Amino acid sequence: MQTSALTVRFTPQMRAELEQVSNREHRPTANQVVHFVALGIKKYLEDNGLSFYSVGDTDCVLRERNAGSE
């Protein structure tokens, strides 16, 4: 899987909490952030009745879950 960098700023408290969680989960801190973001996106999509569909190799488009499913 190809990845790209993204800079994120955390408060010192949030970073300390994140590091403790990632240690407990035996993940590098960066991987823990990716895990949390993936869970957050999944929940957002479910809560709002949305999904993504792919366009080409890297582009994806957000749509309502029932749109176009016939």
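Determine if the stretch 20-29 includes at least one residue that is on the phi < 0 side of the Ramachandran plot and within 13 Å of the chain's Cα centre (by Cα).
First, the residues of the stretch 20-29 that are on the phi < 0 side of the Ramachandran plot: 20-25, 27-29.
If we keep only those that are within 13 Å of the chain's Cα centre (by Cα) too, we end up with none.
No, the conditions are met nowhere in the stretch 20-29.
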Pick from the stretch 34-46, criterion within 8 Å of the chain's Cα centre (by Cα) and surrounded by 11 or more Cβ atoms within 10 Å (Cβ to Cβ), ranking: nearest to Ala5 (Cα to Cα): Val34
Residue by residue through the stretch 1-27, note down the ones that are closer than 28 Å to Asp59 by Cα and open to solvent by 100 Å² or more (accessible area, probe 1.4 Å). Met1, Gln2, Thr3, Ser4, Ala5, Leu6, Thr7, Arg9
Answer yes or no: is there a residue in the stretch 47-64 that is at pLDDT 85 or above, loosely packed, with under 10 Cβ neighbours inside 10 Å, under 17 Å from the mean Cα position of the chain (by Cα) and assigned to a helix (DSSP H, G or I). yes
Here the qualifying pairs (Cβ atoms under 7 Å; residues six or more apart or on different chains; first in the stretch 50-70 and over 21 Å from Gly40 (Cβ atoms); second modelled with pLDDT of 75 or more and of a type in the set (Val, Ile, Thr)) come out as Val55/Val61
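Determine, yes or no, whether Asn31 is part of a helix (DSSP H, G or I) and open to solvent by 90 Å² or more (accessible area, probe 1.4 Å). Step through it out loud before you land on a result.
On the way: part of a helix (DSSP H, G or I): yes; open to solvent by 90 Å² or more (accessible area, probe 1.4 Å): no.
In short, no.
The values are calculated or read from the model by the stated rules, or taken from the named source; none is laboratory data. These numbers come from a predicted model, not from an experiment. In this analysis, Cβ positions are derived from the backbone assuming ideal geometry, glycine residues included, and neighbour counts consider all displayed protein chains. Ligands, DNA and RNA are excluded from the accessible area calculation, which covers all protein heavy atoms including side chains. Shrake-Rupley method; radii C 1.70, N 1.55, O 1.52, S 1.80 Å.
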